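Presented below is the structure to which this report refers.
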Amino acid sequence: MPLEKAKRIIGGFLSITKKMPGHSYNLSARKCIIGSKLRSVENSVCAKCYAFRGHYQYPVVKNAMARRLRAIRHPQWVPAMATMINWWCRDIPYFRWHDSGDLQSVQHFKDINDIARLTPIVCHWIPTRELQIYRVYRRYYVVAPNVCVRISEPMIREGTLQGTNFRKQAITSGVAPRRSKEAWKKLVRTNTNEVFHCPASLQDGECKACRACWQREVKHVIYPQK
Ligand code: SF4
């Protein structure tokens, strides 16, 4: 499919963020199914969602997100997204889904897995709070081998630091309460594949060489509260 046609179908270009090594993609956080309920829950990870502030509020950004949301129902959305990702991720094959927004349905998650299969050299990181969508999908289908799904713990809590409560619930990421840079540095030094503390806040807010979120062998990734 020509790139121009793919861009028209998906509703624009992929995004670039300062933090991430490669490209990403977003939908409106207002359309998050679980997230919109969590927004009114104090101390939840969605209560102070960054996607309700800053440039996400510009009309041009809102319109682009609305176009992308409509596009996921387009009959050629899967090949169009695969065309864009194969082209834009050819040098840095790490793609992050939903730097804002979340899965909309089992069909949406199935389509994303189909896109991953059509982009086999690219690693896909899918953070989500939609545990139920993930579970229903897993009942019938297999997650593509180049996809790392990070199911997020809904609340910011101390237990998140050690991965407490994660194992039984299939949760693979969470946010720990705010602490000093020095305290977080100490935790980062303890990183293992079992519990991995995000080092981005210690390295100019960027991933730099870290790819933990894309690696399935890293069981739990913990981010510090901002
Ligand atoms: S854990 Fe690593 S890959 Fe994930 S956001 Fe932090 S720095 Fe980036």
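Quick note: the coordinates plus some simple rules give every number you see, no bench work behind them. Since the structure is predicted, the reported quantities are computational estimates derived from the model, not experimental observations. Neighbour counts are summed over all protein chains in view; Cβ atoms, including those assigned to glycine, are modelled from backbone coordinates with ideal geometry.
Long-range amide H contacts for ARG129: which residues qualify at under 5 Å (H placed 1.01 Å from N, peptide plane, sequence gap of 5 or more or a different chain)?
LEU103, SER152
For the pairs LYS185/LYS208; LYS19/LYS48; LYS62/LYS186; LYS18/LYS219; LYS62/LYS185, flag any whose C-alpha to C-alpha distance is greater than 28 Å.
Those over the limit are LYS62/LYS186; LYS62/LYS185.
Taking the Cα centre of the stretch 111-226 as origin, work out the dipole magnitude from +1 charges on Lys and Arg Cβ and -1 charges on Asp and Glu Cβ, in debye rounded to 20.
Approximately 320 debye in magnitude.
Can you list residues whose amide H is under 5 Å from CYS123's amide H, if they're 5+ apart or on another chain and H is modeled 1.01 Å from N?
The answer is TYR94, PHE95.
Plugging the Kirkwood radius over Cα pairs into Stokes-Einstein for the stretch 170-226, at a temperature of 10 °C and a viscosity of 1.306 mPa s, what D comes out in µm²/s?
Numbers: Rh = 11.5 Å.
Roughly 138 µm²/s, to the nearest whole number.
Would you please state the base-10 log of I(q)/I(0) at q = 0.12, 0.14, 0.20 1/Å for the stretch 1-102, with intensities from the Debye formula using one equal scatterer on every alpha carbon?
-0.42, -0.57, -1.05
Test of understanding: what is the full-extension gain from GLU206 to ARG53, defined as 0.36 nm times their sequence separation minus their Cα-Cα distance?
Extra length from GLU206 to ARG53 when fully extended: 53.1 nm.
Nearest 0.05, what FRET efficiency do ALA66 and THR17 give at R0 = 25 Å with Cβ-Cβ as r? Intermediate results must be reported in sequence, preceding the final value.
Working: r = 20 Å, r/R0 = 0.79.
Computed FRET efficiency for ALA66 and THR17 comes out at 0.80.
Between helix 77-88 and the chain, what is the angle of the helix's C-alpha long axis to the longest principal axis, kept within 0 to 90° and rounded to the nearest 10?
Between the helix axis and the principal axis of the chain, the angle is about 70 degrees.
Test of the criteria: in the stretch 57-155, which chymotrypsin sites (Phe, Trp or Tyr not before Pro) are in a DSSP loop and have at most 12 other Cβ atoms within 10 angstrom of their Cβ?
Passing sites in the stretch 57-155 do not exist.
Suppose every Lys and Arg Cβ carries +1 and every Asp and Glu Cβ carries -1, with no other charges. What dipole size does the stretch 1-119 come out with about its Cα centre, to the nearest 20 debye?
So the dipole magnitude of the stretch 1-119 works out to roughly 320 debye.
Is the stretch 77-186 best put as rounded, prolate or oblate by its Cα gyration tensor, with a ≥ b ≥ c the root eigenvalues, rounded for a/c under 1.5, and otherwise prolate when a/b is larger than b/c, oblate when not?
Taking the square roots of the gyration eigenvalues as a ≥ b ≥ c, the stretch 77-186 is oblate.
Hey, if you put +1 on the Cβ of every Lys and Arg and -1 on every Asp and Glu Cβ in the chain, which of PRO59, CYS207, PHE13 ends up farthest toward the positive end of that dipole?
PRO59
What ³J(HN,Hα) values, in whole Hz, does the Karplus curve 6.51 cos²θ - 1.76 cosθ + 1.60 give for the stretch 102-113 when θ = phi - 60°, with x put for Gly and Pro?
7, 4, 9, 5, 4, 4, 4, 5, 5, 4, 5, 5
How much FRET efficiency would the formula 1/(1 + (r/R0)^6) give for GLN76 and ARG138, where r is the Cβ-Cβ distance and R0 is 25 Å, rounded to 0.05? Walk me through the numbers on the way to the answer.
Numbers: r = 26 Å, r/R0 = 1.05.
So the FRET efficiency works out to roughly 0.45.
Give me the mean projected area, in nm² to one decimal, of the convex hull enclosing the Cα positions of the chain.
For the chain, the mean projected area of the Cα convex hull comes to 12.0 nm².
Residues in the stretch 193-208, backbone N under 20 Å from the label point at LYS219 (7 Å along the Cα-to-beta-carbon vector): list them, ranges by number please.
Counting backbone N atoms under 20 Å from the label point, the list is 193-199.
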